[in-house]
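Working notes for the structure below.
Each value in this text was obtained by applying a stated rule to the coordinates, not by laboratory testing. In this text, all values refer to a predicted model and were calculated from it rather than measured experimentally. FYI the Cβ positions are ideal-geometry reconstructions off the backbone, even for glycines, and counts take in every protein chain you see.
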Amino acid sequence: SQQGEEDPQALSIQEGENATMNCSYKTSINNLQWYRQNSGRGLVHLILIRSNEREKHSGRLRVTLDTSKKSSSLLITASRAADTASYFCATDGGTAGGTSYGKLTFGQGTILTVHP
Amino acid sequence: EAGVVQSPRYKIIEKKQPVAFWCNPISGHNTLYWYRQNLGQGPELLIRYENEEAVDDSQLPKDRFSAERLKGVDSTLKIQPAELGDSAVYLCASRSGSSANTQYFGPGTRLTVL
């Protein structure tokens, strides 16, 4: 079963614009991760944010986490055509040493299209 | 460092036929995962291995699916017999014990059951 819901399901923007994707989840988490999937390829890990963190940056990526609202957002600044892909959030609800640790539950994804 | 290797990349079979997928994880990664990804959906976990032990197979349809990870390295996932609804992409991922749960995915095997 899917843990999270991503919004929007699809996003179309012009190169240079910012893209924001949102993820909501239902249960408590240890960390939340974002992955990118290009057409016909496997998933690539982008960034991980722990439950005690509120914001994290990596290059043109900015991730926020609000555990009180059970939501996260991924911002891609100055988007490029190469950013065209599906983006998934995934939650890890387990604690280290527990049997659920390392188990990710993925959302349905946001399809981002960046037009040159 | 070589990534997660999967084969075949594509497989087309008729229903009721058997099929097998192979995965070679990143060297040194003790944890291995098999996911199924339906069109337009996120991946869903089928089974997770810690070394050669299956520690979470609660979502594996055991009547037709089986998996093994002999010697705690390579893994195979088998479906017998395949059904139309099994058409999906089957993804393998691996993780090292010290990677804070970052998973590294292979390119997947796209299965079409006719």
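Taking the centroid of alpha carbons for each part, segment B:1-33 and segment A:43-85 are 29 Å apart. A cut-off under 15 angstrom between Cβ atoms defines the neighbours of A:His115, and their net charge, with Lys, Arg +1 and Asp, Glu -1, is -2. Under the simplified labelling scheme, the B:Asp74-B:Ala54 pair shows an inter-label distance of 1.9 nm, with each label point 7 Å from Cα along Cα→Cβ.
Mind checking which lysines have their C-alpha under 24 Å from B:Lys62, skipping anything on the same chain fewer than 8 residues away? Answer for B:Lys62, where 24 Å is the Cα cut-off: A:Lys103, B:Lys11, B:Lys15, B:Lys16, B:Lys71, B:Lys78, listed by chain and number. Checking the a/c ratio against 1.5 first, then a/b against b/c, what shape does the Cα gyration tensor give for chain B? Cα axes put chain B in the prolate bin. With θ taken as phi - 60° and the Karplus curve 6.51 cos²θ - 1.76 cosθ + 1.60 applied, the whole-hertz 3J(HN,Hα) list for segment B:10-20 is 9, 8, 10, 9, 8, 4, 6, 7, x, 8, 9 Hz, x standing for glycine and proline. One equal scatterer on each Cα of the protein assembly as shown, no solvent, Debye formula: the resulting log10 I(q)/I(0) at q = 0.09 Å⁻¹ is -0.37.
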